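My questions all concern the structure below.
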Amino acid sequence: MNYNIALLKGDGIGPEIVDSAVKVLEQIGKKYGHVFNFTPYLIGGCAIDACGEPLPKETVDGCLSSDSVLLGAVGGPKWDTLPGNMRPEKALLGIRAAMELFTNLRPAKLYPALKGDCPLREDIVANGFDIMIVRELTGGIYFGERGMREGKYGEEAYDTECYSRMEIERICKVAYETAMKRNKKLISIDKANVLDSSRLWRKIVHEMEKDYPEVECADMLVDNAAMQLVRNPAQFDVIVTTNMFGDILSDEASQITGSIGMLPSASLGYSTRGLYEPIHGSAPDIAGKNIANPIATILSAAMMLLYSFNLKKESEAIVNAVDKVLEAGYRTADLAHGAPSRSTTEITDKIIENL
């Protein structure tokens, strides 16, 4: 099979980690008889420098004409003084909207080899954990009405949280179907004791239960969920929540896995075309030093094989290769804790050796 993949390498360590994922995909292609065609496009700070805008039309058109998209990272202090609509990060919202990606899948898994890197007590994570966070991606407070105005106490700013029935139903459908493919356990996280938007969210979550009678569904308030993630993360399997709550909780979950450099993500819509990226940033302080952890991006490529191309055994081959490399004790600097570490390219080569 032939697959056309748009590459958005972006800024900082983005080019290095995307190049690592490309090498792994090329090896998968050789082993399993697929051809992956890669076309690079500009996004973020490098696009601002070259084109004067963070998301050029050529990039949008290229992504929409591809079979899927692999993204590195965007941003850096070089562009921090630009107005909000010209910041590199604005491109992320723009490309998600252009591709109509309303679902963000963020797995948070504690690998057995990395239990010592988890900041939680050993007894809490003795059996590990494997969580899938299903985050609504294109609604809520990030996309609601906002502005500045003169208020009761003078100048004030406002941002509006708003969710429609359609937006809630479509993300809950993804969550229930994800739960059906895993352990049939779903926890919906909201703030229904305070927010009307959460009350509608909770109502619709339970209306949809009848369509998935095998799934055990429960509610949890977001403040309690934040506590429970560090108290007993193994109680979670699939989580579904809003854009803002998902943003915050997925970052919390990333920290209890040992390193943010380990976590991939997938952004999906109605079609099989998705946007796959590591959840970490551009790390400009280590860019070009060949020390960045490429595993999150490589695992993002594995998610692409599974969710966009339905190549399950190929995806599992990458995940298993990463497991073997970690079990063998190979670490990038973020996981070495002062011990001898391996470079970005060395870790990539070790993963390829284990495919």
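Just so you know, all these numbers are worked out from the coordinates, no wet-lab data involved. Because the structure is predicted, anything quoted here is derived from the model rather than measured. We place every Cβ from the backbone using ideal geometry, glycine too, and count neighbours over all the protein chains shown.
Compute the separation of the alpha-carbon centres of segment 1-35 and segment 165-188 and state it in Å as a whole number.
So the two Cα centres are separated by 30 Å.
Taking the Cα centre of the chain as origin, sum charge times position over the Cβ atoms of Lys and Arg (+1) and Asp and Glu (-1), and report the length of that vector in debye to the nearest 20.
Roughly 600 debye, rounded to the nearest 20.
What is segment 124-256 by shape, rounded, prolate or oblate, if you read a ≥ b ≥ c off the alpha carbon gyration tensor as root eigenvalues and call it rounded for a/c under 1.5, prolate for a/b larger than b/c, and oblate otherwise?
oblate
So for each of 189-195, 82-88 I average, over its residues, the number of other beta carbons within 10 Å; can you give me the resulting order with the highest mean first?
Going from most to least packed, we get 189-195, 82-88.
Where a ≥ b ≥ c are the square roots of the eigenvalues of the C-alpha gyration tensor, would you call segment 123-183 rounded, which needs a/c under 1.5, or, failing that, prolate if a/b is larger than b/c, or oblate?
Oblate shape, in that a/c is at least 1.5 and b/c is the bigger or equal ratio.
While we're here: Please state the shape class of the chain: rounded when a/c is under 1.5, otherwise prolate if a/b exceeds b/c and oblate if not, all from the C-alpha gyration tensor. Mind dumping the intermediate values first?
Details: a/c = 1.44, a/b = 1.16, b/c = 1.23.
The shape class here is rounded.
Among the lysines, select those whose C-alpha is under 23 Å from the C-alpha of Lys78, and discard any that sit fewer than 8 residues away in the same chain.
Lys9, Lys57, Lys90, Lys289
What does DSSP give for the chain in terms of the percent of beta bridges that are antiparallel, rounded to the nearest 5?
Just about 45 percent of them are antiparallel.
For the pair Thr39 and Thr160, how long in nm is the line joining their label points, each one 7 Å along Cα→Cβ?
Label at Thr39, label at Thr160, 3.8 nm between them.
Of Lys173/Lys312; Lys30/Lys324; Lys152/Lys191; Lys203/Lys312; Lys109/Lys191, which ones are farther than 32 Å apart at the Cα?
Distance filter (> 32 Å) returns Lys203/Lys312.
Mind giving me the nanometre distance, one decimal, between the label points for Glu209 and Glu252, set 7 Å out from Cα along Cα→Cβ?
So the two model labels end up 2.4 nm from each other.
Report the gain in length on full extension from Lys152 to Glu169: 0.36 nm times residue separation, minus Cα-Cα distance, nm rounded to one decimal.
2.4 nm
Packing-wise, with mean Cβ within 10 Å as the measure, how do 293-303, 59-69, 120-130 rank, highest first?
Ranking the peptides 293-303, 59-69, 120-130 by packing returns 293-303, 59-69, 120-130.
With charges only on Cβ, +1 for K and R and -1 for D and E, what is the dipole size of segment 231-346 about its Cα centre, in debye, rounded to 20?
My answer is approximately 220 debye.
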